Amino acid sequence: MNVVYTPDAEEDINRLEWLVAQRIVAKVDWFASQNDPLHFAVPLTGARALYRFRIGDYRAFFTVRRRRVVVLLVLAVKHRSEAYR
């Protein structure tokens, strides 16, 4: 599975401390490498085809494009205190 970060998600990650950002990117890559990454995801209520991964105190929000050639599109990475606003 390919992982693509939107410009907003890249900006979110670039604002984080380097070690935290590295941990988030590594974990998203790990999720994407699994046979069924949606097994580890939680669907967002009221949002169609949007999911989140929990990575420590951070949440990575994403959608899946093209079920056959699957692309994990990371939309945002936010601290849990800001994630659901």
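Quick notes on this one:
- When only alpha carbons of the range 2-79 are considered, Rg and Dmax amount to 11.7, 35 Å.
- Spin-label proximity, Arg54 to the range 1-28 - amide N less than 17 Å from point 7 Å beyond Cα toward beta carbon: 24, 27-28
- Contact order relative to length of the chain, as percent, for alpha carbon pairs under 8 angstrom and 6 or more apart: 35 percent
- Close amide-amide hydrogen proximity is noted between Leu50 and Leu44, each under 5 Å apart and 5 or more residues distant or on a separate chain (H modeled in the peptide plane; Pro and chain starts excluded).
Values quoted throughout were computed directly from the atomic coordinates according to the rules given, and no laboratory measurement underlies them. Just so we're clear, the structure is a prediction, and the values are computed from it rather than from any experiment. Cβ coordinates were reconstructed from backbone atoms using ideal geometry, including for glycine residues, and neighbour counts include every protein chain displayed.
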